[in-house]
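Student: Here it is, the structure in full.
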Amino acid sequence: MKRIRVLLIFVSGCIVVLAGCVSQGNYDAVVKDRDELAKQNRALQANMKLTRNEKEAVKKELEVTNTALAITTEELADTKVEVVTSAALYDKLTNQLASELQSKQITIEQMQSGVNLNLPEGILFDSGSAEVKKSGEIVLHKMAKELWDVPYQTIVVGFTDNVPVSKRLAEKFPSNWDLAAARATNVVRMLEDSGVLKERLVVVSAGENQPVASNDTVEGRAQNRRIEIRLRPVIVE
């Protein structure tokens, strides 16, 4: 009987030990599964955070792109308005100065960046003088009427031929630079007196530089003595 009791105790102990071994294995497996799931969860959370960051980055980039697109569209619209205005101004000037154009006293050219007018010396000045004569006043007044309400910069450039200033004129105009500057300045004053805003007027002296014809002939020198008025669609505040 005693022997049976000992055997039962031994078997029970084995069962307890075996049960303990099985429970520990299951526990380890569960822990392992838990750790793996936790690891996967952390990875998923990191990916979700990365995705959110990426979304934010894309959103910001999209906002920047939309802003740039809006600015470009606005600039394109402004450019279109300027081109149309240049064409309209060209038409207005050709209509206003039709008689002078027909008689070839002046020329007008529409440029990609605006409008150019070429006024030879003969219509504006007497030889060796910087004072605008009556025929020049009429032309400049007609021109000014078309520039009152147009936001254009008016650049007046004076040119001469390459013949040195005579001794008679040297005290008043020491060089061709001075003669060209004086003529351009008087044209600007005439435009201002006719209503063109002074903030939009610019005076430039080119002297004998940038000839449009040969200075070796009388005709060529006459072409080089001129005033160019360059109208550019630049808004001056």
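Student: Using unit Cβ charges (K, R positive; D, E negative) and no other charged atoms, how large, in debye to the nearest 20, is the dipole of the range 85-232 about its Cα centre?
Tutor: It comes to approximately 140 debye.
Student: Looking at this model, which pairs from K92/K133; K145/K167; K134/K198; K167/K198; K142/K167; K104/K134 are more than 29 angstrom apart at the alpha-carbon?
Tutor: Pairs exceeding the cut-off: K145/K167; K167/K198; K142/K167.
Student: Here is a further query. So for the range 85-232: antiparallel DSSP bridges make up what percent, rounded to the nearest 5?
Tutor: The antiparallel fraction comes to roughly 75 percent.
Student: What nm distance separates the two modelled labels at H141 and Q210, each placed 7 Å from Cα along Cα→Cβ?
Tutor: 2.9 nm
Student: Residue by residue through the range 90-103, what is 3J(HN,Hα) from phi via Karplus (6.51 cos²θ - 1.76 cosθ + 1.60, θ = phi - 60°)? Round to whole Hz and write x for glycine and proline.
Tutor: 4, 5, 5, 5, 5, 6, 5, 10, 4, 5, 5, 5, 5, 7
Student: Output the peptides 145-156, 221-232 sorted from most to least packed, where packing is the average of other Cβ atoms within 10 Å over each peptide's residues.
Tutor: Numbers: 145-156: 17.9, 221-232: 20.9.
Averaged packing, sorted descending, gives the order 221-232, 145-156.
Student: Hey, another quick one. Given labels modelled 7 Å from the Cα in the Cβ direction, how far is it in nm from V163 to E54?
Tutor: A separation of 8.0 nm, rounded to one decimal place.
Since every read-out is calculated from the coordinates, none of them should be taken as a lab result. Worth saying up front: this structure is predicted, and the values here are computed from it rather than measured. Here Cβ is always computed from backbone atoms with ideal geometry, including for glycine, and neighbour counts include all displayed protein chains.
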